[in-house]
Structures are given as C-alpha cells and as structure tokens.
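Beneath this line is the structure, given in structure tokens, with notes to follow.
Readers should treat all values here as calculations from the given coordinates under stated rules, not as data from a laboratory. All values derive from a computational prediction rather than experimental measurement. Neighbour counts are summed over all protein chains in view; Cβ atoms, including those assigned to glycine, are modelled from backbone coordinates with ideal geometry.
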Amino acid sequence: MIQGIGASSGIAVGKAFVLPNWEWEVPDQKIDVADFAREFERVYEGIRTSKNEIEQIKDELREVVGSEETHIFDAHIAILDDPVFMNEIQGIIQRQYKAAEVAVKEAIDHFVTMFDLLDDDYMKERALDIKDVGNRLLKHLLGVPEIALPKDTQPFILVAKELSPSQLAHINPDHVLGIVTMAGSTTSHSSIMARALGIPLVVGIEGDLKEPITTGQTIVIDGGDGKVFIDPAPDVIEQYHSLHEKQTEAKRKLQHIADRRAVTPDGKALRLEANISSMKELEIALSSGANGVGLFRTEFLYMDRNRFPREEEQYEVYRSVAERLGGDPLVIRTLDIGGDKQLDYFELPEEDNPFLGYRAIRISLDRKDLFKTQLRAILRASAFGEVKLMYPLISSIEEVRAANAILDEAKRELDREGIPYNPNMKVGIMIEVPAAVMIADLLAQEVDFFSIGTNDLVQFTLAVDRMNEEISHLYDPFHPALLRMLVQTTAAAKKSGITISVCGEMAGDLRALPIWLSLDVDELSMSAHSILHVKQRLLDTRQEQCRALLEQLKTCRTSGEIVQRLEDFSASSISPVFSADKVE
C-alpha cells in the first residue's frame, strides 16, 4: 500500500493509464535579425490561438462544473496577456537570436524555476499554471497534437506525474474512474476541479512509490484516505469493491430523506441550507433537500469576465436565484475579493499579508461606486423572495454603520426612481475575525443576524494560513479556543434575539453537529453534497443530550479530547446502513 494525500474523496478500482508528460523537446534554433518580425508574429499568433482554445475549454467546462471553477482558466489567459511573460520571450529572441519555440521554452523554464524556489506552496502551484500555459503555446508553435486519452477502452484510472487544469478539462468523467498524481496538493487547481467533477483523486505519492506505475496495472485508490494499492491481492480488490458499493448504496438511501423536515427526535428544527456560487450548484443543492441558500458567494459574477458586472447583470442573477427558491431564504454575501481571490481587471496592491489586508468589506467601503451598484442589485432582487444581505470580514461597529449608510443611499435612489424593493430586507454580518467575537454583544444590536464563517475564524484565531501545507496540521477547527468563541458568539446572538447560523466547513462536519445543536444554532449552510449526511445524523440526535455533552466539552483542555468526546457521542447514533468500514 502506498500512502498519498486524499484530494478528492471516493473509491476507484480499475486499470491504470499512464499519461506521458505534456512536454516536448525543443532543439536550439538560431535565427537572423531579419527573422525577428516573423518570430514575433509566430508568438502573437500562438498566443491568440491558445487564448481562443482556453475560452472554448471554459465554455465547455462551465456546463459541467459551474462558473466558479472555470475562473482557473482566467489565470491562464492572464499569463498569456502578462507583459512580463511576453517581454521575457521577446528578450530571448532579440538578445540570443533564438527561434520563437526556443524562446518560449526558456521563458517557461525561467519562471517555473523562479516560482519553485519560493518557499510558498501557493506560488509553487502557480508554477504548474505557467508550465501548462507555456506548453499549450509551445504545442501551437511546434504544430504537435495534444496527448490523447484512450476513448474506446473501458474506464480507467489516470496516472500522471502532475496534472494540469487544461489536461483535466479534457477528461470525460464517464471514462475516468479516478486519478493518481506523483506531485500535487489538495489546494491545487487540478484538485479543485477533480472535486467539482466528482472524480476520486490521490496526489503526492512519489515519495512512497518504489517502482513506476505502468499502463495496464490494476490500481485501487481511496481519495478520502489517500491510499493507493498497485496490483493488489484479490481480497483487497473485493474489499474495496464492497466499500464502493456500500458508499453508492448509502448515497441512494440518503436521497430518500431529501424531502424530510430536518428536526431532532426531541423537536429541535434546524434549517439546512446550501453554499452556492452558481445556478448549477443551486439545482444540485435543491435536489439534496436544501431549505434555502445560506451563502451565495457573489465573487463568481466578477471573476468570469474582463470588467465589473453592471447592476442589471447582477440583478438578473440574484432575482433568478430568489425566484427559484420559491420563498426559501437567500443570503447574498457582498463581494469578498482579496487574499487568494483576485480579479484580472482590478489590480490590487501587492501585500505581505493579503489575507489581513485590502479585501472584502474594506474594498467595498473604499470603492463606494462598486459597492452601491451591488447593493442596488440585491435590493431590487429582494422584491422577488426572502432575500437577505450579508457583509463579510466585519471587525467593528463603524464598518457596519458605514456599509448601512451606503445601503440607505441605495434605497433612497431606488425610491426616487420608483423601483420596488423590500424595505425591511434583513441585514447581517459574517463572524470570522476574533474582534467580531469579542464585541458580538455590541454587533448583535446593529444587525438582524450573524453567520459564523468558521474557515476564516479558525485561521485568524490560531494564526494559521489554511492554504499553507507546511503548517496545515495546525489548522484545528476543534481547538478549545474556537469552542469558547462559538459559545460567546451564539450567546450574544440569543441574548439579542437575532438569528445565528454557520456557513463555514464546520457546518457540514458531522462531528460538529452536536456542538451546533447544543448551542441552539438556527441554520447551517454547507456544500450541497453534505446536506443529506448532516440531515441523516440530525434525525437520530437528541438536542438535550447534546447540551449535556457541551458541558463536558467545556472542560476539555485539548482539541484531541474534544474530538474524542464528539466521536464517542456520535458513534452510538450512526445507523449501520450509512456507515462503511475502512480497509487498512
């Protein structure tokens, strides 16, 4: 057994197809000064063709995974448009008298080496993007075809040294059972896309691999545990086939509770909502029994384009979602860019600590014009459903009041124009920084609801960048400090009589459900695939027992103790139908 990193959950058993590296040998070709113009034009034409090809991939992929994941390819187009990249290529042609393909290959190698030397996992992943884009450009300059995947064979498990988003975009999920890569991480663009496509993926096995995998070998992978078995014994294959069947059957059985009301045996009702970024994700969420949208990430409206979206464009999307929900709540979070979310057409300043810098509500308050445009669109959509407005990254009362002042301006403008909206639209904030927790009692008097964003709250509380693989083991959502923050935040909300919800990853974590029930949280918002699992556990869990458990958790000194008590508590309520044994 080889231990890798589970990057996209699921079981796959099948024959391997080893993908050759998408790289070509480029002989060193010299040119004359008279050839410069021709070589420059070849580069320009290659860039135009590459950009058109990427746009086509985006269009095809958008129908499969939604808009948010396709913004990965906007980064590829940005590289092709980057004057630094072009200047490097032109400089090699002019200074070293080299042909276009040689200059492109050397430019790729230069930037990839530079990024690989940086002690930053995110930047290392971007080196793969540069290699992907550069190899696409090289393909056109050399006139060679892309490496094709087998189409007329049985579904296979794809094996590669590393897999670029472009290569993954050409994969038909019906033909690929799973993927294994030698390198990679859970935060890479390819991992994000594999999860969106629902393909099991294990990355980073190179360090544990003794001999290369060859095409035709039988492979078993567990995308959850990160385990890979090469030519395993028949009993291992049978065990994993059985595990796969159990998981498939569990998913089928869970679908039967999609329409059931989410309520505990002792009567605690908990609204289960979805986090979405597109209409496609909304349809998946509704089929899973979501009772609304607790977090509509509006960033996708801004990312998949070359300019800021106009008011009318935003309004049409927000209204469509509100109408589709048929009266169920729609919580729209205002623009949350900055940190790891960039817009190609909106240049943000370079910062040493972008997650602590110019982002989210700070940009909105600074760019009042952009903010008001979005607020007007949201207000107009509020006439068509139970629309709520939510501000991200709030750390002070001043920010709330400043945002509400702009909201009031937008309302007055709509009044003058005779445009309808809900004047009583509820306004809330995300609790995701420690400062907001410490003044939660004061903030609760300013807003209609809280939504706890556990992802950022954990990383800010523990000073741990959750995207940094070097310290990811320190990212601990069950740290005693976080439990105290959750208790304090929910108590402040309850005392002021406002709604309290959770929209971070912990909302869909089955281990955390007893915490939310004990704190009497009103709503949980999560990814669509988690809703039925949480509902099934909720139907078997009594709130009164959770309240008793909370008192025990408060005495725990370590996260290990908290997790152990939660797992011990939940084990007794798991139905055998929905459990699946792991193979060691």
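The stretch 273-407: percent of C-alpha pairs farther apart than 22 Å?
So the portion of pairs separated by more than 22 Å is 37 percent.
Got a sec to turn the phi values of the stretch 515-522 into Karplus ³J(HN,Hα) couplings, 6.51 cos²θ - 1.76 cosθ + 1.60 with θ = phi - 60°, whole Hz, x for Gly and Pro?
Each residue of the stretch 515-522 in turn: 5, 5, 5, 5, 8, 6, 4, 8 Hz.
Could you work out how far helix 368-381 tilts from the main Cα principal axis of the chain, as a 0 to 90 degree angle to the nearest 10?
So the inclination is approximately 60 degrees.
Taking only the alpha-carbon positions of the chain and ignoring solvent, what does the Debye formula give for the base-10 log of I(q)/I(0) at q = 0.06, 0.07, 0.09 Å⁻¹?
Here the Debye-derived log intensity ratios amount to -0.35, -0.47, -0.78.
So how do 6-14, 210-218 stack up, highest first, on mean other-Cβ count within 10 Å?
Packing order, densest peptide first, comes out as 6-14, 210-218.
Using only helices, what value at 222 nm comes out for the chain when you add -39,500 (n - 2.57) per DSSP H run of length 4 or more and divide by the total residues, to the nearest 500 deg cm²/dmol?
Computed ellipticity for the chain at 222 nm equals -15000 deg cm²/dmol.
Sequence gap at least 6, Cα distance under 8 Å: using those rules, report the relative contact order of the chain to the nearest whole percent.
15
Nearest 5 is fine: what % of DSSP beta bridges in the stretch 261-577 come out antiparallel, could you say?
If I count the DSSP bridges inside the stretch 261-577, around 10 percent turn out antiparallel.
Over the stretch 261-577, calculate the relative contact order: mean separation of alpha carbon pairs under 8 Å at least 6 apart, over the residue count, as a percent.
Details: 559 pairs, mean separation 62.3, N = 317.
Result for the stretch 261-577 is 20 percent.
Taking the stretch 384-467 as the region of interest, what is the percent of Cα-Cα pairs per 5 angstrom bin, listed from the shortest bin to the one with the maximum distance?
Result, from short to long distances: 3, 13, 22, 20, 15, 12, 8, 5, 2, 1 percent.
For the chain, find the longest principal axis of its Cα atoms and tell me its angle to the long axis of helix 72-81, 0 to 90°, nearest 10.
Its long axis makes an angle of about 40 degrees.
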